[in-house]
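Each value in this text was obtained by applying a stated rule to the coordinates, not by laboratory testing. These figures come from a predicted structure and were not determined experimentally. Neighbour counts run over all protein chains shown; Cβ positions are idealised from the backbone, glycine included.
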Amino acid sequence: MDKNFQEEFTQIIKFKPPLYKQRHQFVKDLVEKYKPKKVADLGCADCSLLRMLKFCSCIEVLAGLDICANVMQENMHTLSPLPVDYLQPSERSLTVTLHHGSVAHKDPCMLGFDLVTCIELIEHLEEPELKKFPEVVFGFMAPSIVVISTPNSEFNPLLPGLMLYRHPDHKFEWNQAQFQSWALETARCYDYSVEFTGVGHPPEGMEKAGFCTQIGVFIRKYPRTGESVQSEKPTEAVYKTVFKAVYPSLKDEKYLQNAVISEVIFTAQIMKHRLMSKHQEYGDDPERKSKFQPSMDCFSDYLGKLVVEKNMEPFVSGNEVHIPLTTIFSFPKVNRLCGTFEKLCKLVAGKITLSSDGSAVIFNIEHE
Ligand code: SAH
């Protein structure tokens, strides 16, 4: 490489967004494309990728593994649910776990994953670990997709002030041919296909250097053999679980019930409010009252396409306002949360004041 040309570039190469963010974004895009439910990040370090992935709504199980417990433990609190997660539990379930151990060892907790990410990991492995790595990841874990990123040494001359490797803990840095031949051989051995790409474009005129970070995306060629995966591979647990968080989810009956009760009360309050204001407007004049349609017109937007029958209309009886549960059930959010009318009745029974036959929510308006 022409030295002057090289020096010119080393002055200006600065990735925007920073390279680590581009690598994580690459994984996020992959998750959005393939929608894996279970994702494991090997060599998860400060958990920053896991932190980003927990917002991908398709993911239900997230696991991190690192040989360094301290780096995970210093950051693991950032993977705990936030108050808002309790206030508005998500529809999906999500469990996040962190394990302390090495990618050179097999542990049954790493079975059943759809996507395994190894971002800037392999170059940290000693030779014996690197030898065992393909059998652990591709042979034992055998997820549908594996993504491996590693520095491309052909880009190094373009990086300012670099002596040998990009990080003092790197045991090697491969050029494109070295990475690709290792990846192709691994893929062939374990029946995967592999495609190469990367992040961190080389400057114009330097395309031959390739991406700053080279990436291999491996796709398993054979189908998963169902639930037998775990039983077929009896292995003793060797990793230590250092963190586990189960996020509040509407799949859990306890959170579903809370959400349904709040939504039912909220909906009933709105309907009562509308009914009362119409009631006051028309007073007790029977003729005017007959024109009074507490009718669901006012809710028609909210109701969408759901049809409200006449006998579902709220009414006032003495000091009580009755809001039929059937009406409340026809509101899209309540409908979606409960699924069936029977489920709605079951979830609110004993938790909200209902009419004696259990068909309507009742508000006492004596003091209103
Ligand atoms: N994946 C992270 C960090 C990469 S640094 C990111 O994208 O930013 C590499 C990480 O791999 C370090 O945290 C290191 O502790 C971990 N590591 C090194 N050898 C390992 C091994 N044998 N098993 C598991 N993790 C290992």
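Remarks
- Among the residues listed as Phe155, Phe55, the single one being more than 15 Å from the ligand (Cβ to nearest atom), in contact (Cβ under 8 Å) with a residue 40 or more places away in the chain and not in a strand (DSSP E or B): Phe155
- Scoring Lys106 on the criteria (1) within 27 Å of the chain's Cα centre (by Cα); (2) more than 9 Å from the ligand (Cβ to nearest atom); (3) part of a strand (DSSP E or B) leaves a single failure, condition (3).
- Close pairs (8 angstrom Cβ cut-off, 6 or more residues apart or separate chains): farther than 15 Å from Glu185 by Cα and touching a residue at least 60 places away in the same chain (Cβ under 8 Å) in region 134-147, among the acidic types (Asp, Glu) and crowded, with 20+ Cβ neighbours inside 10 Å anywhere: Pro143/Asp114; Ser144/Asp114; Ile145/Asp114
- Filter result for Gly198 (of a type outside the set (Val, Ile, Thr), under 28 Å from the mean Cα position of the chain (by Cα), away from the ligand (no atom under 12 Å from the Cβ) and outside any helix (DSSP H, G or I)): yes
- With respect to (1) farther than 30 Å from Cys345 by Cα; (2) of a type outside the set (Gly, Ala, Ser); (3) surrounded by 19 or more Cβ atoms within 10 Å (Cβ to Cβ), the lone exception for Thr267 is condition (1).
- A residue that is hydroxyl-bearing (Ser, Thr, Tyr) and under 14 Å from Ala63 (Cα atoms) occurs nowhere in region 134-144.
- Residue identified as aromatic (Phe, Trp, Tyr) and away from the ligand (no atom under 14 Å from the Cβ) among Tyr20, Tyr86: Tyr86
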